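Written out below as structure tokens is the structure these notes cover.
Readers should treat all values here as calculations from the given coordinates under stated rules, not as data from a laboratory. Since the structure is predicted, the reported quantities are computational estimates derived from the model, not experimental observations. Here the Cβ positions follow ideal geometry from the backbone for every residue, glycine too, while neighbour counts run over all protein chains shown.
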Amino acid sequence: MRPLHALVFAALLPLAAVAQDSPVETPVFGPVSAADVVFDEQKFVKRPVVVFADSPNDPSFIRQMDLLARAYPDLEERDVLLVTDTHPEADSEWRHKLRPRGFSLVIMDKDLRPVIRKPNPWTVREITAAIDKLPLRRQEVLERNPAGR
């Protein structure tokens, strides 16, 4: 090994050790309470999928959350922000803008326009199929894989 290479290697070795010691925290995908998310800050950042219920014990809400939990990676791949609101008395900004009645599943595009509203739980397969048909999602897929035209 040349002396210059050894010197560069020795200089960079402590940096590699520091990088290994400080783990990078990646955010874990999962549901977020509507009270913790500002509606307008999500515009063109994430694609909200909002699950409303009048109570966290609502059977439809429990079923929907179970269906969603089975495929978090599929939702994360589509830039989904999973928002839940089970407290109608709190009158969150999400409730005020989307006006649900009882259980409601609302799929929104990145421009914060509600695209689909469902009064019953949907499987992740149905949700991802609906998202994949959205114009902004199609554009994202083409940008990631331009040869797929």
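List of remarks:
- Those helices (runs of 4 or more DSSP H) lying entirely in the range 32-149 with at least 3 residues within 16 Å of the chain's Cα centre (by Cα) and of a type outside the set (K, R): 59-69, 72-77, 124-132
- For T123: the one exception among (1) in contact with a Leu (Cβ under 6 Å, 6 or more places away or on another chain); (2) crowded, with 16+ Cβ neighbours inside 10 Å; (3) more than 19 Å from A35 (Cβ to Cβ): (2)
- D74 being surrounded by 15 or more Cβ atoms within 10 Å (Cβ to Cβ), over 20 Å from K133 (Cβ atoms) and touching a residue at least 40 places away in the same chain (Cβ under 8 Å): no
- Any hit, the range 93-106, residues being of a type outside the set (G, A, S), more than 22 Å from R63 (Cβ to Cβ) and touching a residue at least 40 places away in the same chain (Cβ under 8 Å): yes
- Some residue of the range 61-69 being surrounded by 15 or more Cβ atoms within 10 Å (Cβ to Cβ), closer than 18 Å to D36 by Cβ and aliphatic (A, V, I, L, M): yes
- For the range 80-105, a tally of residues being surrounded by 15 or more Cβ atoms within 10 Å (Cβ to Cβ) and over 18 Å from D36 (Cα atoms) returns 4.
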